[in-house]
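The values are calculated or read from the model by the stated rules, or taken from the named source; none is laboratory data. These figures come from a predicted structure and were not determined experimentally. Cβ atoms come from the backbone with ideal geometry, glycine included; neighbour counts cover every protein chain shown. We work out accessible area using only protein heavy atoms, side chains counted, and drop any ligands, DNA or RNA first. Shrake-Rupley method; radii C 1.70, N 1.55, O 1.52, S 1.80 Å.
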Amino acid sequence: GRTLRVTETHKFLIKEKNSIKKSLASQLKEGMKLVVPINYPTQNKDVSFIDLSKLFAKRDDVMIRNVKSCVSQIVDKAGYSFIKENFNLTKRAFYNYLSRDSFPLPLFLALSSEYGFNRIPKKSYLAAKRNHVNLPYKISLNEEILNIIGLYAAEGYARKKTGKKGLYQVDFSASEES
């Protein structure tokens, strides 16, 4: 037997006669047959952190912040003309990124790898474009974070609204009555 800790509103699949039905955790009774994967192949890894910069490396809507000194060193070595020619970036756009200390992640990664910066500065943050919420680019996996990930997997959702003033939203649909 296994033990699961879930909210009362968590949904399960149960087998009744020859059909599969949904049931809330609060409606489960001893003897009901839960539908679970028997042989789900998994690969064991010891993971102590998540590197968000690797997960979002190709996303132009993810910005990296607090890398101004690193980028300034690259500009000092290469000059702006190199950046213009290789990254199709206007001077105004580039200096806008520099003044805000907020660069599209793929641009920063391409610039830094071109000039031998093989690591992201430790105090760097990632954020969605036009958003003020910063996340560390590396997140340590501790019990608190793993509980949040589990809650998100069970009851969470994310959405992106496009447009001039688009938004990113992460929320949890679980609720408890008081």
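What is the ratio of the Cα radius of gyration of the stretch 11-91 to 2.2 N^0.38 Å, with N the residue count, to two decimals?
2.24
Under a GNM of the chain (C-alpha, springs under 10 Å), which listed residue has the highest mean-square fluctuation: 27, 73, 43?
Of 27, 73, 43, the most mobile in the Gaussian network model is 43.
Roll a 1.4 Å probe over the protein chains and send me the accessible area per residue for the stretch 42-178 in Å². Intermediate results must be reported in sequence, preceding the final value.
On the way: 10040 Å² over 137 residues.
So the stretch 42-178 comes to 73 Å² accessible per residue, rounded to a whole number.
Would you please state which residues of the stretch 118-135 a label at residue 160 would reach in this model, taking the label point 7 Å out along Cα→Cβ and a backbone N cut-off of under 20 Å?
What the label zone holds, given the 20 Å backbone N cut-off, is 125-135.
Over the stretch 23-178, calculate the relative contact order: mean separation of alpha carbon pairs under 8 Å at least 6 apart, over the residue count, as a percent. Intermediate values should be presented prior to the final figure.
Details: 141 pairs, mean separation 41.0, N = 156.
Worked out over the stretch 23-178, it gives 26 percent.
Using a 1.4 Å probe on the protein heavy atoms, what percent of the accessible area of the chain belongs to carbon and sulfur?
50 percent
More than 13 angstrom separation, counting every C-alpha pair in the stretch 98-148; what % is that?
Tail of the P(r) past 13 Å holds 68 percent of the pairs.
Length gain on complete extension for the stretch residue 40 to residue 59, per 0.36 nm per residue less the alpha carbon to alpha carbon distance?
Once the chain is fully extended between residue 40 and residue 59, it gains 3.8 nm.
GNM on the chain, C-alpha springs below 10 Å: top fluctuator among 71, 133, 47?
Comparing 71, 133, 47 in a Gaussian network model of the chain, the most mobile one is 47.
Note down the nm distance, to one decimal, between modelled labels 7 Å out along Cα→Cβ at residue 28 and at residue 130.
Rounded to a tenth, the inter-label distance reads 4.3 nm.
Which residue, 119, 130, 59, has the most motion in a Gaussian network model of the chain that connects Cα atoms within less than 10 Å?
Of 119, 130, 59, the Gaussian network model singles out 119 as fluctuating most.
Run the quick spin-label model on residue 143 and residue 4: label points 7 Å from Cα toward the beta carbon, then report their separation in nm to one decimal.
About 2.3 nm separates the two model spin labels.
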